[in-house]
Amino acid sequence: MSQDFWSFCLSRLESELPQQQFNTWIKPLQADPENAAPEPSLRLLAPSRFVMQWVRERYLRRIGELGEEFHGGPMALELVLPATSNARSTAPTTPAAATASSIASTTPAANTPAAPAIITRVPQPEPAATASELAYEKTRLNPDFTFDTLVTGRANDLARAAAMQVAQNPGTSYNPLFVYGGVGLGKTHLVHAIGNAVYKHNPRAVIRYVHVEDYYADVVRAYQQKSFDAFKRYYRSLDLLLIDDIQFFNNKNRTQEEFFHAFNALTEARKQIVITCDTYPKDIQGLEDRLISRFDWGLTVQIEPPELEMRVAILQKKAEALRVDLHDDVAFLIAKNLRSNVRELEGALNKVVAFARFHGRGITLEVAKDALKDLLNAHNRQLTIEHIQKTVADYYKIKVADMHSKKRTRVIARPRQVAMWLAKDLTPMSLPAIGEAFGGRDHTTVLHACRTIAELRLGDHQLNHDVHVLTQVLRG
Ligand SMILES: Nc1ncnc2c1ncn2[C@@H]1O[C@H](COP(=O)(O)OP(=O)(O)OP(=O)(O)O)[C@@H](O)[C@H]1O
């Protein structure tokens, strides 16, 4: 039974993923014929810890979803290394990594929906690896996330230029490079692109990509095993540290303390650090001031939600990687309805492609509408102008009635202008219709509001942040 499911899963993933990803990460997995867990269940064997870690982070959730689809309900899913002795011979590893796997697998990131039952198990005990083994195995770069595969537009051109600069002169241009932006906007892609470019130029560079949750797990392990010296030596031996989603550091004091020292050691040695976060350094909750001030030493760049043309270009690029023909009308349909999160955009494209393949049809507008029916309905329901007005009023703690009132004080007029800008950006409504919804104002008032907000965003960090957060909230 689990072999049947795994065959089904392989064919689905092959159609959903770019060939290179499928061949690198999915194909080497095997369904364990000796799985003794009650059905429905699947135990997958990974050829190395590196593959296991990567699959856990990127694909396990999807495999669980396919399991639900196949079995009509939840299934137990395990991802393991074959056996301690084999694992050791094929995958040099560390106790720290073992903890990273098991802890992270039980602590899903915030904002992610409940996952199917997933266990990532690691054989114990493991002898410690050498620094060179670590450096070799732990780069953890995704070869698909390069500057070439990253579409550039207004939303990310500054961030991309800074990242390229850092990749060309690691440790000497901007240190740290701090990249912030909303969920699924390409921060991880960008830092991997830096890592891949540095590696390409200098394969001997010691590079490590680490998600903050994994860094935290490494600290916990070092604490439990009293192996802080090895932990410190390793992190201080890096030439390039790429650390993702720093907002999850919140209130983890010991982890922050360790990171503070690693940060100092690396920057003093002119080794490059790149940090990503969902927000500007000063807005990170529960982060020590001394870290916040250090994050300001280098360059802070933002990635914004991509504009329509860029979303279409991203879809075309992803379609190219999937080797499918994507007509403009289909790309526009998807891009118009998914505005603030590239991961969702990509998910929608995968859904359309899988739906078309499953039904043996081409990727037409009809098929896309069918495949995305639920999503399009939800989207259309959600984004009314009333919803925008209420959300903005709540955010700025003013009354919804003020959206329609004639009051001109700054505390009311500015949120009203923000709401008008959002209405223009997030709904297909015309300027006169928006003016009408804001207490019968003229369309030139709306135009003025949109221009004012667009201009202010360039220099007013707080306002820019507000607009960004509101966009994320409204787009769900
Ligand atoms: N400009 C872009 N060009 C091509 N692909 C992109 C671009 N921006 C994002 N993507 C794709 O969108 C997906 C999500 O991006 P990524 O994981 O880098 O986002 P993120 O900002 O790190 O998200 P999170 O906040 O959840 O960590 C990835 O598959 C990435 O390749």
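The values are calculated or read from the model by the stated rules, or taken from the named source; none is laboratory data. Note that the coordinates shown come from a computational prediction; the quantities given were computed from them, not determined experimentally. Please note: Cβ atoms are built from the backbone with ideal geometry, for glycine as well, and neighbour counts cover all protein chains shown. Side chains are part of the model used for accessible areas, which takes the heavy atoms of the whole protein and leaves out ligands, DNA and RNA. Shrake-Rupley method; radii C 1.70, N 1.55, O 1.52, S 1.80 Å.
Brief remarks follow.
- Centroid-to-centroid, using Cα positions, segment 205-275 and segment 20-82 are 29 Å apart.
- Aspartates and glutamates whose Cα lies under 18 Å from that of residue 424, excluding same-chain neighbours fewer than 8 positions away: 304, 307, 309, 386, 436, 442, 455, 466
- Exposure of residue 409 as accessible area (Å², to 10), given a probe of 1.4 Å and all protein chains: 80
- Cα gyration tensor shape of segment 158-223, rounded if a/c is under 1.5, else prolate or oblate by comparing a/b with b/c: oblate
- Seen against the Cα atoms of the chain and their longest principal axis, helix 328-337 is set at about 80 degrees.
- Rounded to 10°, Cα long-axis angle of helix 443-459 versus longest principal axis of the chain: 40
- Spatially proximal lysines relative to residue 226 (Cα-Cα < 19 Å; intrachain offsets below 8 disregarded): 252
- For segment 400-465 versus segment 325-344, the gap between their alpha-carbon centres in whole angstrom: 26
- Compactness relative to 2.2 N^0.38 Å, alpha carbon Rg of the chain: 1.04
- As a rough guide to protection, the peptides 432-438, 182-188, 456-462, 142-148 ranked by mean Cβ packing within 10 Å, highest first, stand as 182-188, 432-438, 142-148, 456-462.
- The C-alpha atoms of the chain define a longest principal axis, and helix 410-426 lies at about 70 degrees to it.
- The listed residues 365, 190, 333, once ranked by accessible area (1.4 Å probe) with the largest placed first, stand as 365, 333, 190.
- Within a straight-line Cα-Cα reach of under 18 Å, residue 318 can be paired with the following lysines, leaving aside sequence neighbours fewer than 8 residues apart in one chain: 187, 336, 351.
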